[in-house]
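Take a look at the structure below.
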Amino acid sequence: MRGLRIGLFVTVSFGLMFALAFAAGNAEKGKALFSDPKLGGGTAGMSCTSCHPDGKGVEKAADRKDLEKMVNTCIKNALKGKGIDPKSAEMADIVAYLKSLKGKVPTTETPKK
């Protein structure tokens, strides 16, 4: 009986860890989506990197409480696409990428001395 409890505990623990990892998003996938002109079915032939090369201009976006709304506003207005589900894996990945930029100086900008 004890072995069954331990097995159940381990199974539940691993399940929770994977669920939390998925919910956090994948910054590498988010970076790829950020560069994809097809994001949100966009018809402008542009991607997020068209306006924000190397994440320039969105380094402080991670602090926004309405980050998903901001992402969808850009998709709708700049990319001429449809917003994506704020609870989707795509949105989690883009948010993870944007959060990974926090405090970084984009490579297209020369650091100040």
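Numbers below:
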{"item": "Meets criteria (out of contact with any strand residue (DSSP E or B) (no Cβ under 7 Å at 6 or more places or on another chain), part of a helix (DSSP H, G or I) and modelled with pLDDT of 90 or more) for Ser50", "result": "yes"}
{"item": "Identity of the residue in the range 86-108, among the hydrophobic types (A, V, I, L, M, F, W, C) and more than 10 Å from the chain's Cα centre (by Cα), that ends up modelled with the highest pLDDT", "result": "Leu101"}
{"item": "Matching residues, the range 27-61, being farther than 16 Å from Lys104 by Cα and buried (at least 18 other Cβ atoms within 10 Å of the Cβ)", "result": "Gly30, Leu33, Phe34, Leu39, Gly40, Gly42, Ser47, Cys48"}
{"item": "Within the range 35-63, tally of residues that are under 13 Å from the mean Cα position of the chain (by Cα), under 15 Å from Thr73 (Cβ atoms) and of a type in the set (A, V, I, L, M)", "result": "3"}
{"item": "Filter result for Lys80 (of a type outside the set (Gly, Ala, Ser), more than 16 Å from Asp93 (Cα to Cα), in contact (Cβ under 8 Å) with a residue 24 or more places away in the chain and out of contact with any Cys (no Cβ under 8 Å at 6 or more places or on another chain))", "result": "yes"}
{"item": "Any chance Gly83 is among the small types (Gly, Ala, Ser), under 15 Å from the mean Cα position of the chain (by Cα), at positive phi and modelled with pLDDT of 90 or more", "result": "no"}
{"item": "Residues that are assigned to a helix (DSSP H, G or I) and closer than 22 Å to Thr43 by Cα, drawn from the range 55-88", "result": "Gly55, Glu68, Lys69, Met70, Val71, Asn72, Thr73, Cys74, Ile75, Lys76, Asn77"}
{"item": "Test for Lys80: is it surrounded by fewer than 13 Cβ atoms within 10 Å (Cβ to Cβ) and either closer than 21 Å to Ala24 by Cα or not hydroxyl-bearing (Ser, Thr, Tyr) (or both)", "result": "no"}
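The values are calculated or read from the model by the stated rules, or taken from the named source; none is laboratory data. Note that the structure is a prediction, hence the values are computed from the model and not measured. Methodologically, a virtual Cβ is constructed for each residue, glycine included, from the backbone with ideal geometry; neighbour enumeration extends over all protein chains shown.
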